[in-house]
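Report on the following structure.
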Amino acid sequence: MYVLTFIRRKGAKSLPLEELCDKLNTLEPFIPFTKTYPDELQGAFNHPEHAIRAFLLGALYNGYWIGIGVGGLRAPRFAMALGAVGIPECSGEAISYSRLAVEQAPTGAPSKCVVVLGHDQKLSQHATGIARLLYRVCAERSEAENRVISLLIPGVRGQQKAVAQALGISSQAVSKTLVRAQWHEQEAALPVLQELLSSIHRLTPKH
């Protein structure tokens with residue numbers, strides 16, 4: 001399981017906590033995202049690709065510290081059946097790793113911003129390195145670039161014309177925006193991070 005913790009950075013321009021929570025929950029997390037502290041959200045995914053898409057939302061405008069914990073997660077069955085479970089009702093090492101990761105995110109010079117932690121320390125370091133690069137790419141995009149990218153559906157080809165029509169701009173303008181925003185590089189790097197997260201999860205001891 002992949003537990004994500006988002007802590008809003010003080011004074012940062014970013015998506016409001018409630019808006020980020022709503023966007024994260026459209027990604028259909030295994031454990032829905034809820035506010036665990038006034039400036040914090042937590043939730044969990046059972047697929048690394050969805051966890052990565054979620055972390056990229058938090059990276060917009062450099063507004064959140066992010067911790068990704070990989071490992072086991074136990075949720076109360078009755079509460080799950082009722083759809084009334086959040087991370088505070090769960091237990092497992094993925095939660096502990098996510099908490100440790102988000103506490104490390106502000107450290108360093110420059111700050112790491114996002115940290116991945118799991119049982120395998122070396123793979124966690126590799127995953128953190130890729131995640132930090134992706135965070136920087138997303139954090140430095142303009143609002144105009146984010147408007148274009150927000151209309152793209154991951155993995156679907158031939159979308160630029162439809163995006164251009166929706167925004168009232170040319171397909172060439174969309175293409176230039178994606179190049180300037182390093183979107184192609186982002187999409188090329190995502191499978192690498194996904195494989196690293198999967199490997200960390202696969203190597204987690206089963207209890």
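Looking across the stretch 160-182 at every residue that is out of contact with any helix residue (DSSP H, G or I) (no Cβ under 6 Å at 6 or more places or on another chain) and within 27 Å of Pro48 (Cα to Cα), the one that is surrounded by the fewest Cβ atoms within 10 Å (Cβ to Cβ) is identified as Val179. Of these, Leu41, Leu60, which one is within 21 Å of Glu140 (Cβ to Cβ) and within 14 Å of the chain's Cα centre (by Cα)? Among Leu41, Leu60, only Leu60 is within 21 Å of Glu140 (Cβ to Cβ) and within 14 Å of the chain's Cα centre (by Cα). Is there a residue in the stretch 135-144 that is under 16 Å from the mean Cα position of the chain (by Cα) and aliphatic (A, V, I, L, M)? Scanning the stretch 135-144, I find at least one residue that is under 16 Å from the mean Cα position of the chain (by Cα) and aliphatic (A, V, I, L, M), so the answer is yes. Scanning the stretch 112-141 for residues that are small (Gly, Ala, Ser) and either without any contact (Cβ under 8 Å) to a residue 12 or more places away in the chain or in contact with a Cys (Cβ under 8 Å, 6 or more places away or on another chain) (or both) yields Gly129, Ala139. The single condition among (1) open to solvent by less than 50 Å² (accessible area, probe 1.4 Å); (2) in contact with a Leu (Cβ under 7 Å, 6 or more places away or on another chain); (3) of a type in the set (A, V, I, L, M, F, W, C) that Val115 does not satisfy is (2). The residue that is modelled with the highest pLDDT, counting only those in the stretch 10-29 that are part of a loop (DSSP other than H, G, I, E, B) and crowded, with 18+ Cβ neighbours inside 10 Å, is Pro29.
For (1) open to solvent by less than 30 Å² (accessible area, probe 1.4 Å); (2) in contact with a strand residue (DSSP E or B) (Cβ under 8 Å, 6 or more places away or on another chain); (3) at pLDDT 90 or above; (4) assigned to a helix (DSSP H, G or I), each residue gets a yes or a no:
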{"site": "Gly72", "(1), (2), (3), (4)": "yes, no, yes, no"}
{"site": "Pro110", "(1), (2), (3), (4)": "no, no, no, no"}
{"site": "Ala127", "(1), (2), (3), (4)": "yes, yes, yes, yes"}
{"site": "Cys138", "(1), (2), (3), (4)": "yes, no, yes, yes"}
{"site": "Pro154", "(1), (2), (3), (4)": "no, no, no, no"}
{"site": "Gly158", "(1), (2), (3), (4)": "no, no, no, no"}
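Entry remark, the stretch 86-103: residues being closer than 14 Å to Ile66 by Cβ and touching a helix residue (DSSP H, G or I) at 6+ places or on another chain (Cβ under 9 Å) number 3 in total.
The values are calculated or read from the model by the stated rules, or taken from the named source; none is laboratory data. Values in this document were obtained by computation on a predicted structure and should not be read as measured data. As a convention, Cβ positions derive from the backbone with ideal geometry for all residues, glycine included, and neighbour counts pool all protein chains shown. Calculation scope for accessible area: heavy atoms of the full protein, side chains included, ligands and nucleic acids excluded. Shrake-Rupley method; radii C 1.70, N 1.55, O 1.52, S 1.80 Å.
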